[in-house]
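Peer 1: Let me begin by handing over the structure; questions about it come next.
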Amino acid sequence: MDFRKINEEIWDKNVDNQDIWTMPVSSKEVMKAKEGDWKIVLTPTKEVPREWFPKELTGKDVLCLASGGGQQGPIMAALGANVTVFDNSQNQLNQDIMVAKRDNLIIKTVQGDMKDLSMFANESFDFIVHPWSNCYIDNVLPVWKEAYRVLRHGGILISGFANPIEYIFDLKNINEDKLVVRHKIPYSDLTSISQEELKEFVIGQGEAIAFGHTLHDQIQGQIDAGFLIAGFYEDKGGTVLDSYIESAIATKAVKL
Ligand SMILES: C[S@@+](CC[C@H](N)C(=O)[O-])C[C@H]1O[C@@H](n2cnc3c(N)ncnc32)[C@H](O)[C@@H]1O
């Protein structure tokens, strides 16, 4: 199954359906960012601490990785960075293009798979913003390796991703706010559930095909790629689990 193609179509539709992760920033937010008043998120609610960003973003080469939707890219561009927004969904990229035209920003957009950044030269970015999205790929290790390759030394990668605990529960029950433990981690919508369940509870609900990666792949995977993990926080994941545990994670990683 070409899950990347299916996820492209689902995220294209999410834009038509005004899913929260496809809603671009307003002109007011862009204007305020130009005046120094801004925030971005990598996870559902908490804003990224200011000390996770380079002191000065003007003139910095910033890659917003799997970050279409007109959110992080326009804010980075308003701060004077040279921004490239990379995403699998053209409709998501169109949101960045729309904001750029509307608010007079320069934003380059590239459509592709986050596991393959071969269109970018080694050491061509200073900062990578990688919001919650690696649940849509079957293997996160190539992303950490590619991010490391395209960053300059001293460059920073900030990422948001899911605690795999989100994926141990039965989908049908979790949709009804019931927590029934069922799955092993790593989880895959392609192999952990039946084709019927995939059709009914994932694709049929307009959900993109998802994968629950181990914390080893999420954290040690970054370290193995060469990064030093220099920051960490947790946030609400936006599911029924929020009453028990914050299931979203953000990390700051530095290429020394
Ligand atoms: C939850 S949204 C995150 C973007 C959003 N700007 C935000 O504020 O968090 C997930 C994004 O990942 C993108 N995506 C999914 N699979 C991808 C892949 N294989 N390569 C690149 N982007 C992908 C989707 O198209 C979607 O725009």
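Peer 1: In debye, nearest 20, what is the charge dipole magnitude of the chain about its Cα centre with +1 on Lys and Arg Cβ and -1 on Asp and Glu Cβ, if you could check?
Peer 2: Dipole about the Cα centre, nearest 20: 760 debye.
Peer 1: How many angstrom lie between the Cα centre of region 1-38 and the Cα centre of region 218-254?
Peer 2: 22
Peer 1: Please work out whether region 36-78 counts as rounded, prolate or oblate from its C-alpha gyration tensor, where a ≥ b ≥ c are the square roots of the eigenvalues and a/c under 1.5 means rounded, while otherwise a/b larger than b/c means prolate and anything else oblate?
Peer 2: It is oblate, given that a/c is not under 1.5 and a/b is not larger than b/c.
Peer 1: Averaging the inverse of every distinct alpha carbon separation and then flipping it gives the Kirkwood radius. What is it for region 111-239, in angstrom units? Provide the component values of the computation, followed by the final result.
Peer 2: Values: mean 1/r = 0.0625 Å⁻¹.
Evaluated on region 111-239, it is 16.0 Å.
Peer 1: I've got another one for you. Could you state the angle between the C-alpha long axis of helix 90-102 and the longest principal axis of the C-alpha atoms of the chain, as a value from 0 to 90 degrees rounded to the nearest 10?
Peer 2: Relative to the chain, helix 90-102 is tipped by roughly 30 degrees.
Peer 1: On to the next question. Stretch N173-Q111 to full length: gain in nm at 0.36 nm per residue minus the Cα-Cα span? Intermediate results must be reported in sequence, preceding the final value.
Peer 2: Details: separation 62, 0.36 × 62 = 22.32 nm, distance 3.52 nm.
That pair, N173 and Q111, stretches by 18.8 nm at full extension.
Peer 1: Positive end of the charge dipole of the chain (Lys, Arg +1 and Asp, Glu -1 on Cβ, about the Cα centre): tell me which of V30, P54, I203 has its Cα farthest that way.
Peer 2: Value computed over the given set: P54.
Peer 1: For region 216-227, what does the Karplus curve 6.51 cos²θ - 1.76 cosθ + 1.60, with θ = phi - 60°, yield as ³J(HN,Hα) per residue in whole Hz, taken in order and with x for Gly and Pro?
Peer 2: So the J values, rounded to whole Hz, are 4, 5, 6, 9, 5, x, 5, 5, 4, 6, x, 7.
Peer 1: If you take every residue apart from D113 with its C-beta less than 12 Å away from the C-beta of D113, what net charge results, scoring Lys and Arg +1 and Asp and Glu -1?
Peer 2: -3
Peer 1: Restricting to the chain, what percent of DSSP beta bridges are antiparallel, rounded to 5? All intermediate terms of the calculation are to be shown ahead of the outcome.
Peer 2: Numbers: 18 of 36 bridges.
The answer is about 50 percent antiparallel.
Peer 1: Continuing with the same structure: Please give the calculated 222 nm ellipticity per residue for the chain, where each DSSP H segment of at least 4 residues contributes -39500 (n - 2.57) and the sum is spread over every residue; nearest 500 deg cm²/dmol?
Peer 2: Theoretical 222 nm ellipticity from helices: -7000 deg cm²/dmol.
Peer 1: Here's a follow-up. Going by average Cβ neighbours within 10 Å, how do the peptides 100-107, 61-68 rank, with the highest at the top?
Peer 2: Descending mean neighbour count gives 61-68, 100-107.
Peer 1: Listed here are the pairs K46/K101; K101/K252; K13/K101; which of them are more than 25 Å apart at the Cα?
Peer 2: K46/K101; K101/K252
Peer 1: Further question on the same structure: Give me the distance between the Cα centres of region 82-109 and region 117-169, rounded to whole Å.
Peer 2: After rounding, the separation between the Cα centres reads 19 Å.
Any read-out appearing in this document is the output of simple, stated calculations on the displayed coordinates, not a laboratory observation. Predicted model, so just to flag it, every value in this text is computed and none were measured. Because the Cβ atoms are built from the backbone with ideal geometry, glycine has one as well, and the counts that use them run over all protein chains shown.
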